[in-house]
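The values are calculated or read from the model by the stated rules, or taken from the named source; none is laboratory data. Quick caveat: nothing in here was measured; it's all calculated off a predicted structure. Here Cβ is always computed from backbone atoms with ideal geometry, including for glycine, and neighbour counts include all displayed protein chains. Just so you know, the surface numbers come from the protein's heavy atoms only, side chains and all, with ligands and any DNA or RNA stripped out. Shrake-Rupley method; radii C 1.70, N 1.55, O 1.52, S 1.80 Å.
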Amino acid sequence: MKYILCGILGVVLGFLIFYLLFRIANKKQLFKRESAKKRGKPTFTKVVLVAVLFTYFVGLYIGIKVTLIDYSQFGVLATYIATPTTTVIALYCWKAKAENIIKIKQGYPEETKDISVDLNNITL
């Protein structure tokens, strides 16, 4: 029973942290109350993100429960946690690099006039 409560608490805390980070990212809406009419429908990307996070936390809960029963499954659980984390970090670094290249190109047009910006061939 103790493990089930810990799992439920972990899922709830994960959603709470996600919600708080999402609210901080959208500071414009943090202190401003908008009516339901002014708020647009959630975008498709946000709906997909919430669905993916929900399934991830459910899978994490099940993985922790299975690992507590059979400790030999810890490697599978570690892979389940590390794979999306590594992928997200790599994609974020690629995105930040592309944005920085564009900013440098726009900020220093004379110095970078001979350098072409090809966003399709940016590698880490």
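A few comments on the model shown:
- The set of residues in region 71-105 that are within 14 Å of Gly59 (Cα to Cα) and of a type in the set (Phe, Trp, Tyr) comprises Phe74, Tyr80.
Residue-by-condition table, conditions (1) within 25 Å of Ile4 (Cβ to Cβ); (2) at pLDDT 90 or above; (3) surrounded by 10 or more Cβ atoms within 10 Å (Cβ to Cβ):
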| position | (1), (2), (3) |
| --- | --- |
| Lys27 | no, no, no |
| Ala36 | no, no, no |
| Gly40 | no, no, no |
| Val50 | yes, no, yes |
| Tyr56 | yes, no, yes |
| Ala82 | yes, no, yes |
| Thr86 | no, no, yes |
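- The sole residue among Leu21, Leu77 that is modelled with pLDDT of 85 or more and either among the aliphatic types (A, V, I, L, M) or loosely packed, with under 13 Cβ neighbours inside 10 Å (or both) is Leu77.
- Residue under evaluation Ile62, criteria (1) assigned to a helix (DSSP H, G or I); (2) open to solvent by less than 70 Å² (accessible area, probe 1.4 Å), criterion not met: (2)
- Look at (1) surrounded by 10 or more Cβ atoms within 10 Å (Cβ to Cβ); (2) assigned to a helix (DSSP H, G or I); (3) at pLDDT below 75 and you find that Asn120 fails only one, number (1).
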